[in-house]
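Taking it in order: structure first as structure tokens, then the write-up.
Coordinate-derived values only; no laboratory data. These numbers were taken from a predicted model, which means no experiment stands behind them. Don't worry about glycine lacking a Cβ; one is built from the backbone with ideal geometry, like all the others, and counts go over all protein chains shown.
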Amino acid sequence: MIILQDFTSMPTHEQVKFVRQQGRYLMHRLGQNCFCTLYAVGNFFVELRYDSTSYNMVGIVCIGNPGKLDAYLNTISINELFK
């Protein structure tokens, strides 16, 4: 299993390849001028950010602390649990 420090030391293109091949897709969200996809990678999370107009990748954000996933809380619905 890869650790956050090893992942962040990789070149960007290798990070993207690793996330797409080894990461587990969790969810997506719309940010300000970007579309973000969240993946679980080992014991941390990676957010791939894309320009919402061109869909070109504009950044990678590594999240080691699950408490920093607050931006995704608004996209989670528990309504199905109460049906």
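Figures for the structure shown
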{"item": "Principal axis dimensions, largest first and in whole angstrom, of region 4-82 by Cα", "result": "44, 31, 21"}
{"item": "Packing-based ranking, highest mean first, of 36-43, 11-18 given that Cβ atoms within 10 Å are counted", "result": "36-43, 11-18"}
{"item": "Nearest-0.05 FRET efficiency for Thr75 and Lys17, computed from C-beta distance (R0 30 Å)", "result": "0.70"}
{"item": "³J(HN,Hα) computed for each position of region 3-19 - Karplus, 6.51 cos²θ - 1.76 cosθ + 1.60, integer Hz, glycine/proline x", "result": "9, 4, 4, 5, 5, 5, 7, 6, x, 3, 4, 6, 4, 4, 4, 4, 4"}
{"item": "Contour excess over end-to-end distance, with Cα ends at Asn56 and His28 and 0.36 nm allotted per residue", "result": "8.5 nm"}
{"item": "Length-normalised contact order for region 4-82 - Cα pairs under 8 Å, 6+ apart - percent", "result": "20 percent"}
